[in-house]
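Only one structure is covered here, and it is reproduced in the block below.
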Amino acid sequence: MDNFIVSARKYRPVTFESVVGQQHVTNTLKNAIKNNQLAQAFLFCGPRGVGKTTCARILAKTINCQNLQPNGEACGQCDSCRAFQNGNSFNVHELDAASNNSVDDIRSLIDQVRIPPQAGRYKVYIIDEVHMLSQAAFNAFLKTLEEPPHYTIFILATTEKHKILPTILSRCQIFDFNRIKVDDMANHLASIAQKENISYEPDGLHIIAQKADGGLRDALSMFDQIVSFSGGKVTYRSVIDNLNILDYDYYFNITDSLLNENTAKTLLLFDEILAKGFDGSHFITGLSGHLRNLLVGKDTATLKLLEVSEGIRQKYMQQAQQATMSFLLSAMNIANQCDLNYRLSKNQRLQVELALLKICHLQSALNLAALSTNTDNIPKDEVKKKTEPQPVAPPTPELVKTPPVSIDIPKLTTPATPVVTNGTYAAASQPTNEAANLVVNEHAISYHGTTLPSASPQPVAAKPAPPVVPKISLSSPSQSPSLKGGAFGALIAEAEEEDPYIRGNDQETYTLDSFLKLWQEYAAQVKADGKATLVTILTSSTPVMLQPHIFEIIVSNRTQETVFRDEKPGLMNHLRTKLRNFSIEVNTRIDEQTVVRKPYTALEKFQHMAAKNPQLVELKKRFNLELD
């Protein structure tokens, strides 16, 4: 049985044209060879498995080729090319700096450089992992690297350019190798599969290319592994099973459930993913990437950013049309926040489930917000025409002048009939959460912009007025009593910032002792949270009641006033909810104390004493004394 050779070695490029995804480097090197403008030192840097050492070997073989091709490629047939391919070339020397990183190794290298090549034009030294050289070795290498013999070329390769001394970098031509694109890598794998008579699916090769993260050597290693696993058939299913990758279908199904607000199916799919051994962090990261791909797929101009196969691309485009831009942005924000909090959470599964539930009900919250915005944009005249019928003039009764009266009545949900009873105007209605204001004056009744004749308290039975339909106004979701603090509270907070204060109408009485007790409790709570400045403000000054429910505390400076203002919502919510009185208000007053500066220098001390005893000045002048 022949020895097996891995694909990374068997299909290693031997010409510049066969290098994958590094055309900017290969074109530059070929032009330099054709124009005979080779530098004395090159530095190839970039991630692992992108072709640094391969390009170094191709360059070493090409510059010594005895029959150079017009396109700048080596012929592969001359004695120099055959010697290089067989591994017995005396002109190409490779040094592993990871294991030969001392000053003695560099000295030995310098001694070899002095010997000219016996055949060929150049002696090429390829130093791999050059960043592993010691500081002393770098310093010993500087002079030779800057001014080597005319027949010597150094090619340095590294994955960590930032560890190389600037003096070394300044003596080299630097070539940065890019990560290989997914499409280029998948096409290269497809060509190898065809040469090896291996059946494959394009989706499977794209998964391998994405998993390789830009490194072709990693992709070829995974390719060999999957070929052995699947018996020569590289399919999408065999790839995700062997590489432990979460299937695309899971993300598409979960996204459909989120768009349809199917919480049960969403949680069951997440439980199935956990049962297969996938981590919650891995899932939420993949969900963020899936939502990003949907966002990219909504516009044809950004479709090129989708690094997936054509079949998966069509799925993304189809599902992207079902989701709105607002939904995708808000969902990505929730998923990203969950990813940040995942490792700090003690109940990590609950962290992901909460994020999924928020995203699941996000569509309803966005629809409510859009409905409120559309209603607010309708002109008042249009709303009035739609919600209020034209009033019919009733019979005119005798009018009696009465003083203006302002009455607050509940908002009417059914048509109400005004009735005059003993000089008081009333309306039969069903109460709701909002109140409507009704004003009765000498001659007319004004109700939300609609004017009706008034009635007088005559003994004659009053005739009923026509039904009045109050003006309907839709409040925004963040202020709606039915939503605030309810199931949608957390969802609406993702779309718009809520008021930091808790609102209410309670006006219960309380004692000053109970107020001060709650004040001290909040100070202890703040102290436990480590907010030292706020603790100083709360404990150094006792609140003083200026008016009913209005208190004042004294702060020393504007810095303390700013700190208290920032933390005031938490204090107000604590006091108002505990005492069940939402009229409580605490204000601050700055009482800056002037600091008496003590005399420090000898002159200041003398002036201080002379202010108390002026005769010291005369004494100093008479005896010509000096201040030490």
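The values are calculated or read from the model by the stated rules, or taken from the named source; none is laboratory data. As the structure is a prediction and not an experimental result, all values here were calculated from the model. FYI the Cβ positions are ideal-geometry reconstructions off the backbone, even for glycines, and counts take in every protein chain you see.
Please specify each residue of segment 584-596 satisfying the condition of being surrounded by 15 or more Cβ atoms within 10 Å (Cβ to Cβ) and in contact with a strand residue (DSSP E or B) (Cβ under 7 Å, 6 or more places away or on another chain). Before the answer, list the steps.
Our first condition is that a residue be surrounded by 15 or more Cβ atoms within 10 Å (Cβ to Cβ); within segment 584-596, this holds for 584-586, 588.
If the condition is that a residue be surrounded by 15 or more Cβ atoms within 10 Å (Cβ to Cβ) and in contact with a strand residue (DSSP E or B) (Cβ under 7 Å, 6 or more places away or on another chain), then GLU585, VAL586, THR588 are the ones that fit.
For segment 127-153, the candidate set comprises residues that are in contact with a Ser or Thr (Cβ under 7 Å, 6 or more places away or on another chain) and under 23 Å from LEU59 (Cα atoms); within that set, the residue that is surrounded by the most Cβ atoms within 10 Å (Cβ to Cβ) is VAL130. Taking the listed residues ALA119, ALA137, the one that is over 13 Å from GLN40 (Cα atoms), assigned to a loop (DSSP other than H, G, I, E, B) and of a type outside the set (D, E, K, R) is ALA119, with no other qualifying.
Taking the numbered list (1) assigned to a helix (DSSP H, G or I); (2) touching a residue at least 12 places away in the same chain (Cβ under 8 Å) in turn, GLN194 passes all entries but (2). On the given criteria, is CYS360 farther than 15 Å from GLY286 by Cα and at pLDDT 85 or above? Yes; evaluated as a whole, the condition is true for this residue.
Inspection of segment 262-279 identifies no residue that is free of Cβ contacts under 8 Å to residues at least 40 places away in the same chain, closer than 15 Å to ILE207 by Cα and not assigned by TED's automatic domain parsing to the domain that holds HIS206.
The residues of segment 547-559 that are of a type in the set (Val, Ile, Thr) and either surrounded by 15 or more Cβ atoms within 10 Å (Cβ to Cβ) or under 18 Å from LYS517 (Cβ atoms) (or both), listed by number, are ILE553, ILE554, VAL555. For segment 61-79, check the following and say yes or no: at least one residue is within 47 Å of the chain's Cα centre (by Cα) and touching a residue at least 60 places away in the same chain (Cβ under 8 Å). No - not one qualifying residue is present in segment 61-79.
Which of the residues belonging to segment 520-575 are within 18 Å of ASP591 (Cβ to Cβ), in a helix (DSSP H, G or I), of a type in the set (A, V, I, L, M) and more than 32 Å from the chain's Cα centre (by Cα)? The answer is ILE537, LEU538.
THR255 is checked against (1) over 27 Å from MET332 (Cα atoms); (2) crowded, with 21+ Cβ neighbours inside 10 Å; (3) outside the structural domain of PHE141 (by TED's automatic domain parsing) and fails just one. What number does that condition carry? Evaluating THR255 over (1) over 27 Å from MET332 (Cα atoms); (2) crowded, with 21+ Cβ neighbours inside 10 Å; (3) outside the structural domain of PHE141 (by TED's automatic domain parsing) leaves (1) as the failure. Entry remark, segment 102-130: residues being polar (S, T, N, Q) and farther than 15 Å from HIS150 by Cα number 2 in total. In this structure, MET332 does not satisfy being more than 23 Å from the chain's Cα centre (by Cα), part of a helix (DSSP H, G or I) and surrounded by fewer than 20 Cβ atoms within 10 Å (Cβ to Cβ). Within segment 273-287, being touching a helix residue (DSSP H, G or I) at 6+ places or on another chain (Cβ under 8 Å) and over 20 Å from MET332 (Cβ atoms) holds for one residue alone: LEU274.
Hey, among the residues in segment 282-324 that are among the hydroxyl-bearing types (Ser, Thr, Tyr) and part of a helix (DSSP H, G or I), which one's farthest from the chain's Cα centre (by Cα)? Applying the filter and picking the extreme gives THR300. Taking each residue of segment 35-59 that is closer than 17 Å to TYR122 by Cα and looking for partners that are part of a helix (DSSP H, G or I) and β-branched (Val, Ile, Thr) with beta-carbon atoms closer than 9 Å, six or more apart or interchain, yields LEU38/ILE63; ALA41/ILE168; CYS55/VAL25; CYS55/THR26; ILE58/THR26; LEU59/ILE33.
Scan the helices (runs of 4 or more DSSP H) fully inside segment 197-249 and keep the ones with 2 or more residues being of a type in the set (Asp, Glu). Full working, then the answer.
Numbers: elements: 202-212, 216-230, 236-242.
In segment 197-249, 216-230 are the helices (runs of 4 or more DSSP H) which contain 2 or more residues that are of a type in the set (Asp, Glu).
Taking segment 48-59 as the range and being touching a strand residue (DSSP E or B) at 6+ places or on another chain (Cβ under 7 Å) and within 11 Å of LEU29 (Cα to Cα) as the test, the residues that pass are CYS55, ALA56, LEU59.
Inspect all residues belonging to segment 539-546 and state whether any of them is loosely packed, with under 13 Cβ neighbours inside 10 Å, hydroxyl-bearing (Ser, Thr, Tyr) and in contact (Cβ under 8 Å) with a residue 24 or more places away in the chain. Yes: segment 539-546 contains one or more residues that are loosely packed, with under 13 Cβ neighbours inside 10 Å, hydroxyl-bearing (Ser, Thr, Tyr) and in contact (Cβ under 8 Å) with a residue 24 or more places away in the chain.
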